[in-house]
Amino acid sequence: MKKRFLLAFFIVFFISVIIYKYMEVSKEVAIENLANKTLETVKVANEAILDTYMVVAQKSFLDIMKNKEAMKILEEFKYASQERKNLLRGRLYRLLYTNYELLQKLSIRQLHFHTYDGKSLLRFDLPYKNGDSLIDFRTSVKMVNTNFKAVAGFEGGRNYFGYRYVFPMINQYDNLGSVEFSINFEGVEKKLQNILPFHTHMIIFEKKVVYKHIFEKKKNLFLDSSFSNKYCVENYEISKITKKVKDNKFVNKLIKLSKDSIDFNKKLCNKKSFTIPIIKDNKGYIVTFLSIKNTDKNEIGYIVSFGEFQDVVELKNRYNNFIFIGFLVAIFVYILMAIVIVQVEKIKTESSKLKKFIDIQNSIVILTDGEDFQFANKKFFDFFGYKDLKEFLKDHHCICEEFINIDGFFSLKDVKANEDNWIESLLNLSGRKRIISMVAENSMTYAFSVSINKYDEKNYVVNFTDISDTLKEKLHLQEQVIRDQLTKAYNRVYFDKNINSLIEFHTNNEQRTGIIFFDIDHFKDVNDTYGHQVGDNVLKTIVNIVKSNIRSGDKLIRWGGEEFIIILSADKIDDIYRRAEHIRVKIEHHKFHKIEQLTCSFGIVLHDSKDDVYESIKNADENLYKAKNSGRNKVIL
Amino acid sequence: MIKKMVLVVFSLFFTTTLIANGKKNINFAPLPTKSSVQNTKEFLPVNRYLEKKLSLKIHYIHKKDYRDILDGFKNGTIDIAYLGPLPFVSLKKEYKYAQPIVTFKQSNGLAKYRCVIAKFKDDKFDKTKQFKVALTQPLSTCGYLMTNILLKSKFNLELENQKYNYTMSHTNALLSVLKGEYLLAGAKKSIAKKHESLGMEIIAQSELLPGFSLVVNTKTLSKEQIKQIQNSLLSVSSKEYKQWGGITVNGLEKANIDDYNSLHVDFKIPQKGNIR
């Protein structure tokens, strides 16, 4: 039982561990889903901001395209001399700087005109810096001046990174170049702050992407990010955001906690958006990393947002409660299992006792519905020589197949058409007749008394009690009663008991009954001369000779002393005579011990079934008398 | 006598050690005419170099104008400043502990520069009419001082008779002309030249003037430390300076105090413009 308790404990423990793990995983998934909602919020807010900028950029672009003077300057610029270009550039600046100042108020940092061949025409933030080629490191400029379609996206440059909106300037099928409106992250951050006031935002760039195009001398404008040396941020002395974040204890705390989280570096290097939900001192925080793609569709960094996230604590507590309840349930289940084990053990002990009790029975006991076996005791298996029920059923369908078809014993042939099975058939018999015979493994035939008791709705307990010895004893007694003890021939008791049925049997076989009455001639002299021992031997010998010369259905009866009767079937008196004569000759020619020769005299009759058999016996006796009187050793009819 | 000598030697040794240790936190004031972001960007490589080489920590002190820098020198809150010649001369007049140690070269490889008057090519310069002049800062060499001198010498005009205002930087002065807000701008030639690509033209230029220098506060920094800083800066090759970029991109040379002699003239510079 200890083993079972241990097993139950391990099962409950194992299931509990699986459930615990499942709950833990579910908790992580739920937290991640919740965190992803925050990420989604940042993403949506960011997209909304960028879309807003897009609208502003589009509107500004259209304003420029509608500005005839500006278009005239740009048209002329394309084909002007260098000196003229300088003047035109100045005119363009003078014409549009108010537009630029307005855009600055909308957080657009840069208004930048490019030539048709991808050179800087005029940067409004740094007007004197112009003429440099952008085509090799500004995908957007290249794309716009190649495909003549607007391009929007995050992009690096020779100095800074920012969101760019670049539009082609086509005037009457003439590509005049492109115009770009760009915003730095500070503009986005300001608006993000308005939409998500409880979050702090910063931007980090993949260092190798930043260093790819930026001027060598500008590399020192970037610092390693606190998250990883593979990422960088704008030097905090030149970026208000970096400076703001640098001094923010809350942010620094979350950066440290993020870095301590599992798989942080793996997630960071994966470049896909992700979240780091954090629970510290029962307070929830979240750090979201919104992946930024540049115009080349490559991930180049993240917008990182820091905020409080109390929902995650509630979620965690909820799951912890579930886990605790699960723990209690596990204990409860274990207790239940323990109770079941105890009960099962009790039942098993009881069953075992019962089985043992049944097994030690000398009878064969089975539980069956008449067709299928439910149970069989040890005696059953010992008797038939099978290991178990399964093995027995490989060879048999039913124990009833083993019932031997013998007179006086029940067998399957005794099952009547209106009876369902052998059980029903046996139940319909009186108890005394419920006897069957079966052959044991040792090829011995045994007789059984069958008792049947209802077990449940369907099944019966069938008990086969071995009555072979009892039956033999009975038969022996019966034999003793109907046979002569000296000669073993039937006696008068047998005659009286069976003569009518013998006659009936012959009649049923359309034959008549013949009676041969004979006795030993001068038997008194044998006894007197050689003693009773010899006389007894003579009687035995005579019986043996007769038995050897009559048919199996013929019955030899010692009528008394040296007188015998043979009851036989016959068609006519001649048959009887011939058989009597044959016996007489056999006896006559037999060489008896000591006395050498003996004869018998025979009186025969053919009995009519209508007559009294004793009358016929008397007639036969009279015929014997006649044979005696006419010289003995004769058959008289 | 021997005792006294030992004491003097010991004292000298002790003092030298202390001086050699020097000040670890240096307050540096870059040019007020540029934005703090721009200043930080430009001085970042050279300051990092000094920080690393001399185990210093350089703190940026961004001042709004030259007056604040002069005050900073006086009250000891500024140890080093990046100053043009006029602010230095003004500072020197009021504060004798200011000393230039290195002068920055320009793109032409010279440590001296010129001031110019520039205008947009499209705009007409009618000397008979009053016009508006964009200036940098009161204490900017190319501001009121040289613009006034150039107007007088080249066009026989008095700045005081014109409308003028301070735009706080050379670029702002030039851009304000480009925008059409002013007719003329007084600025450093190198900066004005850059704006020629925007249709600006130089209509008058000065003689060569001493360039921008790093000026140290000899009251807050020890001679030894000043020497270390000067030597450290002069020991860097021009090739290396070029790689660094920023303010030192063209290299630098040892400052000569005599270059400022021509600027030691009596002048009275209005602190505010005359345009309301």
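Laboratory data are not the source of any read-out in this text; all were calculated from the coordinates shown. Note that the structure is a prediction, hence the values are computed from the model and not measured. As a convention, Cβ positions derive from the backbone with ideal geometry for all residues, glycine included, and neighbour counts pool all protein chains shown.
Excluding residues on the same chain fewer than 8 positions from residue B:127, give the aspartates and glutamates whose Cα lies under 12 Å from its Cα.
B:158
Compute the FRET efficiency between residue A:170 and residue A:328 as 1/(1 + (r/R0)^6), taking r as their Cβ-Cβ distance and R0 = 56 Å, and round to the nearest 0.05.
E(calc), rounded to 0.05, equals 0.15.
Which residues does a label at residue A:609 reach in the stretch A:534-575, if reach means a backbone N under 14 Å from a point 7 Å past the Cα toward the Cβ?
Under cut-off, by backbone N: A:569-571.
Restricting to Cα pairs below 8 Å that are 6+ residues apart, what does the relative contact order work out to for chain A? Please round to a whole percent.
Relative CO of chain A lands at 8 percent.
Just add up the charged neighbours of residue A:486: K/R +1, D/E -1, any other residue whose Cβ is under 9 Å from the Cβ of residue A:486.
+1
Could you name the aspartates and glutamates in cross-link range of residue A:594, using Cα to Cα under 15 Å and dropping any fewer than eight places away on the same chain?
The qualifying aspartates and glutamates are A:525, A:528, A:536.
Could you pull out the pairs from B:64/B:188; A:524/A:591; A:129/A:207; B:124/B:193 whose alpha carbons sit more than 21 Å apart here?
Too far apart for the 21 Å limit: A:129/A:207.
Tell me the net charge near residue B:221. Cut-off is 13 Å between Cβ atoms, residue B:221 excluded, with +1 for each Lys or Arg and -1 for each Asp or Glu.
+3
Using only alpha carbon pairs under 8 Å that are at least six residues apart, calculate the relative contact order of the stretch B:115-206 and give it in whole percent.
Averaging sequence separation for qualifying contacts and normalising by length gives 46 percent for the stretch B:115-206.
Which order results if A:84, A:164, A:109, A:432 are arranged by neighbouring Cβ count within 10 Å, fewest first?
Final ranking by Cβ density, sparse to dense: A:432, A:84, A:109, A:164.
Would you tally the net charge around residue B:97, using a Cβ to Cβ cut-off of less than 12 Å, leaving residue B:97 out, and scoring K and R as +1, D and E as -1?
Neighbourhood net charge equals +3.
Output wanted: per-residue J couplings in Hz (rounded whole) for the stretch A:295-307, from phi through Karplus 6.51 cos²θ - 1.76 cosθ + 1.60, θ = phi - 60°, x for Gly and Pro.
So the Karplus estimates, Gly and Pro as x, are 5, 7, 6, 9, 6, 10, x, 9, 8, 9, 10, 10, x Hz.
Quick one: which residues, 5+ away or cross-chain, put their amide H under 5 Å from the amide H of residue A:134? H built at 1.01 Å from N.
The list, which skips near neighbours in sequence, is A:119, A:120.
Whole-Hz ³J(HN,Hα) for each residue in the stretch A:261-272, computed from phi via Karplus 6.51 cos²θ - 1.76 cosθ + 1.60 with θ = phi - 60°, x for glycine and proline: what do you get?
6, 5, 6, 4, 4, 4, 5, 4, 6, 5, 6, 8
What is the distance in Å between the Cα centroid of the stretch B:201-215 and that of the stretch B:221-235?
Value for the Cα centre distance between the two parts: 26 Å.
Counting pairs of alpha carbon atoms under 8 Å apart in space and at least six apart in sequence, what relative contact order in percent does chain B give?
After rounding, I find 27 percent.
Going through the cross-link list A:27/A:283; A:212/A:243; A:3/A:379; A:219/A:271, which pairs have a Cα-Cα distance over 20 Å in this structure?
A:212/A:243; A:3/A:379; A:219/A:271
Along the Cα-to-C-beta direction of residue B:227, a point sits 7 Å from the Cα; which residues of the stretch B:79-121 have their amide N less than 20 Å from that point?
B:80, B:97-103
Longer than 18 Å from Cα to Cα, which of A:105/B:41; A:191/A:293; A:218/B:41; B:112/B:189; B:129/B:163 are they? Say none if no pair is.
Check vs 18 Å cut-off fails for A:105/B:41; A:191/A:293.
Averaged over its residues, how many other protein chain Cβ atoms are within 10 Å of peptide A:78-91's Cβ atoms?
Counting other chains' Cβ atoms within 10 Å and averaging over A:78-91 gives 4.
At what distance in nm do the modelled label points of residue A:194 and residue A:343 sit from each other, each positioned 7 Å from its Cα along Cα→Cβ?
Label-label distance for residue A:194 and residue A:343, simple model: 7.1 nm.
Determine how many Å³ per residue the convex hull of the Cα atoms of the stretch B:115-206 encloses.
In the stretch B:115-206, the Cα convex hull volume per residue is 73 Å³.
Within 10 Å of each Cβ in A:392-401, how many Cβ atoms from other chains are there, averaged over the peptide?
Mean partner-chain Cβ count within 10 Å for A:392-401: 0.
If the cut-off is a Cα-Cα distance under 20 Å, which aspartates and glutamates reach residue B:219, setting aside same-chain residues fewer than 8 apart in sequence?
B:68, B:71, B:79, B:94
Need one number: nm distance between label points at residue A:468 and residue B:36, each 7 Å from Cα along Cα→Cβ, rounded to one decimal.
According to this spin-label approximation, the distance is 11.7 nm.
Label points 7 Å out from Cα along the Cβ direction at residue A:104 and residue B:254: separation in nm?
4.3 nm
Take every Cα-Cα distance within the protein assembly as shown, group them into 20 Å bins from 0 onward, and report for each bin the whole-number percent of pairs it holds.
10, 22, 17, 8, 7, 8, 10, 8, 7, 2, 0
Which order, highest average first, do A:280-288, A:417-425, A:355-363 follow once you tally other Cβ atoms within 10 Å for each residue and take the mean per peptide?
For the peptides A:280-288, A:417-425, A:355-363, the packing ranking is A:280-288, A:417-425, A:355-363.
Convex hull over the Cα atoms of the stretch A:414-564, averaged projected area in nm²?
13.8 nm²
Only counting other Cβ atoms within 10 Å, I'd like A:232, B:115, B:142 sorted with the fewest neighbours first.
The most exposed by this proxy come first: A:232, B:115, B:142.
May I ask you to derive the FRET efficiency for residue A:626 and residue A:488 from their Cβ-Cβ distance with R0 = 35 Å, giving the value to the nearest 0.05?
With a Förster radius of 35 Å, E is 0.75.
Any chance you could check the Cα centroid distance between the stretch A:303-335 and the stretch A:362-440 for me, in angstrom?
Result: 64 Å between the Cα centres.
Could you compute the FRET efficiency for residue A:236 and residue B:207, with r as their C-beta to C-beta distance and R0 at 51 Å, rounded to 0.05?
Once the sixth-power term is evaluated, E becomes 0.75.
Just tell me, in residue order, which DSSP H segments of chain A are both 27 angstrom or longer along the helix axis (alpha-carbon based) and at least 0.5 in mean Kyte-Doolittle hydropathy.
Counting only whole DSSP H runs, the qualifying helices are A:2-66, A:310-359.
Take each uninterrupted DSSP H stretch in chain B, measure its Cα extent along the helix axis, and return the ones at 27 Å or beyond whose mean Kyte-Doolittle hydropathy is at least 1.0.
The qualifying helices are B:2-21.
How do A:519, A:456 rank when sorted from fewest to most other Cβ atoms within 10 Å of their own Cβ?
A:456, A:519
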